[in-house]
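The values are calculated or read from the model by the stated rules, or taken from the named source; none is laboratory data. Here the structure is a predicted model, which means the values were calculated and not measured. We place every Cβ from the backbone using ideal geometry, glycine too, and count neighbours over all the protein chains shown. SASA here: full protein model, heavy atoms, side chains in, ligands and nucleic acids out. Shrake-Rupley method; radii C 1.70, N 1.55, O 1.52, S 1.80 Å.
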Amino acid sequence: MTKRLTYHLLTLGCAKNDVDSSSMAQLLDEAGYHSTEKTNQADVLIVNTCGFIGPAREESLRYLRELAARKRKHQVLIAAGCLSQLWGPRLADAVPGLDGVIGTRRWMDIVEFIERVRASRKGAPHPSPLYHLPTEADTVGEDERGAQRVAVQGASAYLKISDGCRRPCAFCTIPIIKGTLKSRPPELVLAEAQRLAEQGVRELILIAQDLTDYGSDLGLRDGLAQLVTDIIRVAPSLDWLRLMYAYPGAVSDRLIEVMATNDKVVKYLDIPLQHAHPATLRRMRRPSNMEWVYRTFEKMRTAMPELAIRTTFIVGFPGETDAEFEALLRFVEEMQFDRVGVFTYSFEAQTASGHMPHQVPREVAEARRNALMELQQRISLRKNQAFIGKTLTALIEGTDASGNISIGRTYRDAPEVDGLVLLRGCIPIGEMLPVRVTGAMEYDLIAEPLGAPAIAA
Ligand code: SF4
């Protein structure tokens, strides 16, 4: 009997990478491979890397080097993902012992690529690494080889509706890594949403680099609003439908109406603004019409008074003056966001901002980040405290190490990036139940289950 080959797949980076890993794992499983958690038992070691910013690249390199150092004679080590696409052969130079580099635009070729790499190792005393790095932006649509574009975590699932991005943001490597926008055909997305709902998924999270651009390359108008409407129609058993990430200037009136009038769409929007001073935004090559921001946020909050808004900002972008940063602080104070992520600018040589003058010293950027985080922590605490005594619905995701505290999320929290709700007792994963908020911290809530929840075994 032929031995089934085993693979160990390590995923770094964001939820979009989780989806690519799930798709590769599906293709490998269908080809007869067997997955293992143990690196020493795997024939094939795959690291799905992240290359978005410097610290993420460092982490990817660290894992690759560790695996290369421990690699056994019969094992092959393959780098996939964003860093592979961005660096190509440079990655093999940086990681001695790497056997293959497959770019993120060709994740669907993983099975054939592994076969080629393994064949090239046979009998070769010092085999060179192999590369598979096509540059055309054809990662999605008709070339997915039947792989699902989903990653399931407990009762939640991420569903990728497009890949790539056609925006010109000066600091961002994504268009270089992924290519321009490629929307997946609506019928594929709907079939996957329906199947996930039938499998018992309670929360479906639609993800893309720019969700609000969905369908523009397919000739669709208001493609996202239509897709959301259709998902709710074909997958009525879903409890929550969450949208991550909207682009400023692209949230249409129709989308606001669809969000406001459908109970299943959680009243939560992640809309990265990146800055609030028009001059900084213009240098970032981002929409700089702050009038639009004020007008649209007011519209959204009027239509959905309970709306939780998450946004992210970059501080220390080249040329950011004290006055520009202070304008950002005032804006955050004024807008009272529910969730804010703050990043210091990451220098990326290949991007337009890598050549800009007046790079801000690291210590200045870090001080600005701390100041903005402290401001937001005060806002977030006040907002959380306002929920004490109120009833919310929580989706349970697990327990703490003791097993006596259940951990869940409310509609105000997306997985991994936002806060949690902590409940006494051991409640089964996937349970959705009403809870009364009894305490608040800067990020998390403490709550008591209402009624008698099921007790987990
Ligand atoms: S919209 Fe997002 S992914 Fe696209 S270029 Fe700008 S920052 Fe990058």
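Name the residue that is nearest to L5 (Cα to Cα), counting only residues in region 93-108 that are among the charged types (D, E, K, R) and touching a strand residue (DSSP E or B) at 6+ places or on another chain (Cβ under 6 Å). Explain how you work it out, then say what you get.
As a first pass, look at region 93-108 and keep what is among the charged types (D, E, K, R): 93, 99, 105-106.
Right, trim to touching a strand residue (DSSP E or B) at 6+ places or on another chain (Cβ under 6 Å) and you get 99, 106.
Details: D99: 17, R106: 21 Å.
Looking at residues that are among the charged types (D, E, K, R) and touching a strand residue (DSSP E or B) at 6+ places or on another chain (Cβ under 6 Å), I get D99.
The residues of region 148-178 that are out of contact with any helix residue (DSSP H, G or I) (no Cβ under 6 Å at 6 or more places or on another chain), in a loop (DSSP other than H, G, I, E, B) and within 16 Å of the ligand (Cβ to nearest atom), listed by number, are R166, R167, P168, C169, C172, T173.
Look through L204, L196, L269 and report the one residue that is surrounded by 19 or more Cβ atoms within 10 Å (Cβ to Cβ), part of a helix (DSSP H, G or I) and either within 19 Å of the chain's Cα centre (by Cα) or within 16 Å of the ligand (Cβ to nearest atom) (or both).
Working: L204 fails: part of a helix (DSSP H, G or I); L269 fails: part of a helix (DSSP H, G or I).
After ruling out the rest, the residue left standing is L196.
Report whether or not A250 is within 14 Å of the ligand (Cβ to nearest atom) and in contact with a Ser or Thr (Cβ under 8 Å, 6 or more places away or on another chain). It is true that A250 is within 14 Å of the ligand (Cβ to nearest atom) and in contact with a Ser or Thr (Cβ under 8 Å, 6 or more places away or on another chain).
For G439, the criteria (1) open to solvent by less than 50 Å² (accessible area, probe 1.4 Å); (2) over 27 Å from L243 (Cβ atoms); (3) at pLDDT 95 or above; (4) in contact with a Ser or Thr (Cβ under 8 Å, 6 or more places away or on another chain) hold in every case but one, which is (4). Within region 183-242, being basic (K, R) and either under 17 Å from Y158 (Cα atoms) or in contact (Cβ under 8 Å) with a residue 40 or more places away in the chain (or both) holds for R184, R195, R202, R242.
For a quick check of your reading of the model, give me the residue pairs whose first member lies in region 145-172 and is surrounded by fewer than 23 Cβ atoms within 10 Å (Cβ to Cβ), whose second is among the polar types (S, T, N, Q) and in a strand (DSSP E or B), with beta-carbon atoms closer than 9 Å and at least 6 apart or on different chains. As it stands, the answer is C169/Q274, since those pairs meet every condition given. For region 179-193, a tally of residues being open to solvent by 20 Å² or more (accessible area, probe 1.4 Å), more than 16 Å from the ligand (Cβ to nearest atom) and not in a helix (DSSP H, G or I) returns 1. Given the structure, is R368 in contact with a Phe, Trp or Tyr (Cβ under 7 Å, 6 or more places away or on another chain) and either modelled with pLDDT of 95 or more or part of a loop (DSSP other than H, G, I, E, B) (or both)? Answer is yes for this residue.
Does F297 satisfy being within 16 Å of the ligand (Cβ to nearest atom) and within 30 Å of D444 (Cα to Cα)? First the steps, then the outcome.
Numbers: within 16 Å of the ligand (Cβ to nearest atom): no; within 30 Å of D444 (Cα to Cα): yes.
No, not satisfied.
So, E333, is that one open to solvent by 30 Å² or more (accessible area, probe 1.4 Å), farther than 30 Å from A367 by Cβ and either of a type in the set (S, T, N, Q) or assigned by TED's automatic domain parsing to the domain that holds S156 (or both) or not? Reasoning before the result, please.
On the way: open to solvent by 30 Å² or more (accessible area, probe 1.4 Å): yes; farther than 30 Å from A367 by Cβ: no; either of a type in the set (S, T, N, Q) or assigned by TED's automatic domain parsing to the domain that holds S156 (or both): yes.
Taking the combined requirement at face value, the residue does not satisfy it.
Using the structure shown, decide if P278 is of a type outside the set (A, V, I, L, M), more than 14 Å from the ligand (Cβ to nearest atom) and either farther than 17 Å from L188 by Cα or in contact (Cβ under 8 Å) with a residue 40 or more places away in the chain (or both). Working first, answer last.
Details: of a type outside the set (A, V, I, L, M): yes; more than 14 Å from the ligand (Cβ to nearest atom): yes; either farther than 17 Å from L188 by Cα or in contact (Cβ under 8 Å) with a residue 40 or more places away in the chain (or both): yes.
Yes.
Inside region 17-52, residues that are within 14 Å of the chain's Cα centre (by Cα) and more than 20 Å from M108 (Cα to Cα) make up a count of 1.
Condition check for T212 on (1) at negative phi; (2) within 16 Å of the ligand (Cβ to nearest atom); (3) not in a helix (DSSP H, G or I): one failure, at (3).
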